[in-house]
Amino acid sequence: MVVKRVALGLAATAAAGLVYAAGYEVRSYRLRRFDVPVLAPDSRPLRVLHVSDLHLTPGHRGRAAWVRRLAALEPDLVVNTGDNLSHADAIPTVLDALGPLLELPGVFVFGSNDYFAPRPKNPARYLLPLDRIRRQNARDHAEAVDLPWKELRDELSSAGWVDLTNTRASLTVDGRRLTFAGVDDPHLGRDRLGDVAGPPPSGADLAVGVAHAPYQRVLDAFHRDGYQLLLAGHTHGGQLCVPGYGALVTNCDLDTARVKGVSRHPRVGGPGASWMHVSAGLGTSPYARVRFACPPEATLLTLTGER
């Protein structure tokens, strides 16, 4: 009898957790704020809005409306680190979500879900070794339906946002010269680091490295070349986390301690280490619409003078 009551209690707890994760937390959008001391001493602050992993479908009107309201923050720059799409007909929803933000200076890279339609997956596969996950993903993408990423790219570019796919670029933002290096999605092996290799141009007020997935080879290359701020998404913050412990997986080779938020790279920090922000993102695959102990998020980074 006792065993039966315990089993029933555990089943009820699991069911309640699933209802919370799928019914509430996955729609509990949050704005996170961090100060990051990457500018020259005594510089006035620069506000950067980092959005990632929207995973929008035509039905995600609530998520799109929440993203639109972020324009009220009046950031100086918007950085979008990909996975905007989850449906072939979602471009109007993405453009509606980003609409007022597209009037601001912005840069972007794409992720795998901008290129390929999502497919059902066994969630347990994310606990497998990373090389096995990538091999399975490669097989999935070989059979996947292409999404209209070129149309999305053209829409974002025509609005004035800079496409950082395997390229370098510079922008003047709030009177400061920012230089960027970006790569195509490392999770797909599309990053061409040789195309962006080398130190940033002299005279820049800030050098920023941008990628969808925070793979170590990309982070290491940006750090070696002297990029002070690194921005990425992809991890979903672990998506299903253990309260008091954190993420179990990152879906890349980044350690779980840095699955979201601000940290240093290399992890040991110290003089010369880059600052990094990994966004836990705002969405999920339409086949895994749950989050637990990891609310969906966008982030306002206030860049300040070095202390």
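Values quoted throughout were computed directly from the atomic coordinates according to the rules given, and no laboratory measurement underlies them. None of these values were measured; they are calculated from a predicted model. Backbone-built Cβ (ideal geometry, glycine too); neighbour counts: all protein chains shown.
When DSSP beta bridges are limited to those with both residues in segment 143-302, what percentage is antiparallel, rounded to the nearest 5? Antiparallel bridges make up about 50 percent of those DSSP assigns within segment 143-302.
The structure shown yields Cα extents along the principal axes in Å, and of the options (1) 54, 42, 38; (2) 73, 43, 39; (3) 53, 46, 42 that calculated value carries the label (2). Remind me, relative contact order of the chain in percent, using alpha carbon pairs under 8 angstrom and six or more residues apart? That works out to 27 percent. Looking at the chain alone, DSSP beta bridges between its own residues are antiparallel in about 40 percent of cases.
Let me know the charge dipole size of the chain about its Cα centre in debye, to the nearest 20, where only the beta-carbon of Lys, Arg (+1) and Asp, Glu (-1) is charged. Write out the running numbers ahead of the final one.
On the way: 35 positive and 31 negative charges, 247 e Å.
The dipole of the chain has a size of about 1180 debye.
Between ARG119 and ARG47, the simple label model (points 7 Å from Cα in the Cβ direction) yields a spacing of 4.3 nm.
How much length, in nm to one decimal, is gained on full extension between GLU25 and ALA169, taken as 0.36 nm per residue of separation minus their Cα-Cα distance?
On the way: separation 144, 0.36 × 144 = 51.84 nm, distance 3.71 nm.
Answer, rounded to one decimal: 48.1 nm.
Using the Cβ of GLY175 as centre and a radius below 14 Å, the other residues enclosed give a net charge of +1, where K and R count +1 and D and E count -1.
Computed over segment 125-238, the alpha-carbon pair-distance distribution with 5 angstrom bins reads 2, 10, 17, 21, 18, 15, 9, 4, 2, 0, each value a whole percent. As an exercise, use a Förster radius of 45 Å and the Cβ-Cβ distance of ALA65 and ALA273 to find the FRET efficiency, rounded to the nearest 0.05. For ALA65 and ALA273, the calculated efficiency is 0.75.
Compactness of segment 223-268 is given as radius of gyration and Dmax, 11.6, 37 Å, from Cα positions. Each stretch of four or more DSSP H residues adds -39500 (n - 2.57); spread over every residue of the chain, this sum gives -8000 deg cm²/dmol at 222 nm.
Ranked by the mean number of other Cβ atoms within 10 Å of their residues, highest first, the peptides 170-181, 27-38, 219-230, 77-88 fall in the order 77-88, 219-230, 170-181, 27-38. Candidate membrane-span-like segments in the chain, meaning DSSP H helices with Cα atoms spread over at least 18 Å of their own axis and a Kyte-Doolittle mean of 1.0 or above, are 2-23, with no membrane implied.
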